[in-house]
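Scroll down for the structure; my scribbles are underneath it.
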Amino acid sequence: MYKLLPKKALAVAAAVCASAVSLGAIAAPATAASEPSFTIAFEGPLTVNSPQLGLNALYSVELAVDQANAGQTFGKLPFTLSFVKKDDQGSGTISPTVAQELVSDPSVIAVVGPMYSSAVQAAEPTFSAHDLATVSPSATRYTLAHKGWKSFFRDVADDNNQGAADGDYMVKTLHDTDIMVVNDASTYGAPLAASVAAQAKKDGAKVATETFPGTTQCGAGSGSPTQYPDEAATVVSAKPQILFYGGYYCDLGLLLGALHKAGYTGKVMSGDGSEDNALVTGTNPQSAANGVYASCPCAVVGNTPRDKAFAAAFTKLAHFAPAIYSPEAYDATNAIINAMKTLASGKSGTMAITRANVVTELHKLSYVGITKTIAFMADGNIAGTAIYVYQVRNGKFVELGLE
């Protein structure tokens, strides 16, 4: 999709970039027209470990880059952009290798991702050490913003905000006071479930907790798909009014099928890791997913002309409609491009676009995206804590509103 530089130009650019890296700065290679070019990377799960969540974001990043190059979003820019995708499989084991590949590429100016909290936790030390900004559209673990990583950003609220809102919603809105909270032992699911349980107890509910390890079939867990009949029996015997599941859609789908066969009649709620229509298609029978609630610090695509234009362009590119994390990834990419444009508008022009300067500019940013105004706090967290709740109705997630 993107033009490759002539070999001679690449050789010159590589020499310049190598010199820049040794000085702690990044110089962008020039195109044939002497217009600097930069790369925005995407990192997330694309093949395993609930890959649909990664694909939802991937095409938003590619779309934002395409539109910026065409002058559709920011007008004519004094630089061009390229796009590269990296599959970290949502794994904290693989993500450091991916991070090293990205920081070693002098053209990469920023990264959208990693998607999963475990991948962020493992890769961010490398990114931060090289002043390479990362903006995650989905990683919600609370502690990620409290590690001292200067280049870490996210445009979704964290688990502490989401978990508290979920606990309140079950007790105060759904009026359930006998709750079972289950987690998949993942870096994402366990902290979210703990936050939910703590708030529900604070609200006066009776709370039982269990750990059902995520399966090797669905991700990097240690469990087996054959475990779910026994785990469903555990839930049914406890007779909770509602089950909260902290984990991802693939394993929840397996659990829902087992709960259906076991005769469970209570409610089910989960977090954003399950808020994708792949939950429905991965549940047997699919009707067993109906009624499931899911919360998310993310918004669905609205009905404004801007929202509709995004949805149409995304669908044309991806061949499926935007879903969870698609709008957030689009906003994350455009926030990065906006920061680059601001830097290029100064007296130093595009020479001001370096990795370190992009990090600094993102900390000062206020960009009106399609989901919210993107502004980051000093720790990289998004300013604002809106949490939405959805429910599966007739096989599709429907937004119910704010929790």
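The values are calculated or read from the model by the stated rules, or taken from the named source; none is laboratory data. Treat the numbers as computed from the prediction; the structure is a model and nothing was measured. Methodologically, a virtual Cβ is constructed for each residue, glycine included, from the backbone with ideal geometry; neighbour enumeration extends over all protein chains shown. Protein only, heavy atoms only, side chains kept; ligands, DNA and RNA dropped before computing areas. Shrake-Rupley method; radii C 1.70, N 1.55, O 1.52, S 1.80 Å.
Among (1) open to solvent by 30 Å² or more (accessible area, probe 1.4 Å); (2) more than 27 Å from residue 278 (Cα to Cα), where does residue 68 come up short?
Here residue 68 meets the rest and fails (1).
Pick out the one residue from 42, 74, 79 that is over 22 Å from residue 321 (Cβ atoms), buried (at least 20 other Cβ atoms within 10 Å of the Cβ) and aromatic (Phe, Trp, Tyr). Talk me through it step by step, then tell me what you get.
Numbers: 42 fails: over 22 Å from residue 321 (Cβ atoms); 74 fails: buried (at least 20 other Cβ atoms within 10 Å of the Cβ).
Only one candidate qualifies: 79.
Might you let me know whether the range 291-298 holds any residue that is open to solvent by 40 Å² or more (accessible area, probe 1.4 Å) and over 22 Å from residue 114 (Cβ atoms)?
First, pick out the residues of the range 291-298 that are open to solvent by 40 Å² or more (accessible area, probe 1.4 Å): none.
Checked the range 291-298: no residue is open to solvent by 40 Å² or more (accessible area, probe 1.4 Å) and over 22 Å from residue 114 (Cβ atoms).
Would you point out which residue out of 128, 117, 107 is within 17 Å of residue 377 (Cα to Cα), hydroxyl-bearing (Ser, Thr, Tyr) and open to solvent by less than 30 Å² (accessible area, probe 1.4 Å)? Explain how you work it out, then say what you get.
On the way: 117 fails: within 17 Å of residue 377 (Cα to Cα); 107 fails: within 17 Å of residue 377 (Cα to Cα).
After ruling out the rest, the residue left standing is 128.
Given the residues 213, 229, which is the only one that is over 19 Å from the mean Cα position of the chain (by Cα), outside any helix (DSSP H, G or I) and either surrounded by 22 or more Cβ atoms within 10 Å (Cβ to Cβ) or touching a residue at least 24 places away in the same chain (Cβ under 8 Å) (or both)? Before the answer, list the steps.
Values: 229 fails: outside any helix (DSSP H, G or I).
So the residue among 213, 229 that is over 19 Å from the mean Cα position of the chain (by Cα), outside any helix (DSSP H, G or I) and either surrounded by 22 or more Cβ atoms within 10 Å (Cβ to Cβ) or touching a residue at least 24 places away in the same chain (Cβ under 8 Å) (or both) is 213.
In the range 304-312, is there at least one residue being of a type outside the set (S, T, N, Q), within 27 Å of residue 188 (Cα to Cα) and open to solvent by 20 Å² or more (accessible area, probe 1.4 Å)? Break it down stepwise before answering.
Just the residues of the range 304-312 that are of a type outside the set (S, T, N, Q), to begin with: 305-312.
If we keep only those that are within 27 Å of residue 188 (Cα to Cα) as well, we get none.
No, the range 304-312 contains no residue that is of a type outside the set (S, T, N, Q), within 27 Å of residue 188 (Cα to Cα) and open to solvent by 20 Å² or more (accessible area, probe 1.4 Å).
Is it the case that some residue within the range 359-380 is farther than 27 Å from residue 274 by Cβ, among the β-branched types (Val, Ile, Thr), open to solvent by less than 50 Å² (accessible area, probe 1.4 Å) and modelled with pLDDT of 95 or more?
Checked the range 359-380: at least one residue is farther than 27 Å from residue 274 by Cβ, among the β-branched types (Val, Ile, Thr), open to solvent by less than 50 Å² (accessible area, probe 1.4 Å) and modelled with pLDDT of 95 or more.
If we scan the range 171-179, do we find a residue that is more than 28 Å from residue 93 (Cβ to Cβ), touching a strand residue (DSSP E or B) at 6+ places or on another chain (Cβ under 8 Å) and among the charged types (D, E, K, R)?
yes
Is it fair to say residue 61 is open to solvent by less than 10 Å² (accessible area, probe 1.4 Å), within 20 Å of residue 382 (Cα to Cα), of a type in the set (Val, Ile, Thr) and part of a helix (DSSP H, G or I)? Break it down into steps so the answer makes sense when it comes.
Values: open to solvent by less than 10 Å² (accessible area, probe 1.4 Å): yes; within 20 Å of residue 382 (Cα to Cα): yes; of a type in the set (Val, Ile, Thr): yes; part of a helix (DSSP H, G or I): yes.
Answer is yes for this residue.
Can you name the condition, by its number, that residue 97 falls short on among (1) touching a Lys or Arg at 6+ places or on another chain (Cβ under 7 Å); (2) open to solvent by 10 Å² or more (accessible area, probe 1.4 Å); (3) not in a loop (DSSP other than H, G, I, E, B)?
(1)
Identify, from the list 353, 337, the residue that is at pLDDT 95 or above, open to solvent by less than 40 Å² (accessible area, probe 1.4 Å), of a type outside the set (S, T, N, Q) and in contact with a Leu (Cβ under 6 Å, 6 or more places away or on another chain).
Working: 337 fails: in contact with a Leu (Cβ under 6 Å, 6 or more places away or on another chain).
That would be 353, the only listed residue that is at pLDDT 95 or above, open to solvent by less than 40 Å² (accessible area, probe 1.4 Å), of a type outside the set (S, T, N, Q) and in contact with a Leu (Cβ under 6 Å, 6 or more places away or on another chain).
Within the range 75-94, can you find the residues that are of a type in the set (Asp, Glu) and either more than 20 Å from the chain's Cα centre (by Cα) or part of a strand (DSSP E or B) (or both)?
Going residue by residue through the range 75-94, those that are of a type in the set (Asp, Glu) are 87-88.
Across the range 75-94, the qualifying residue is only 87.
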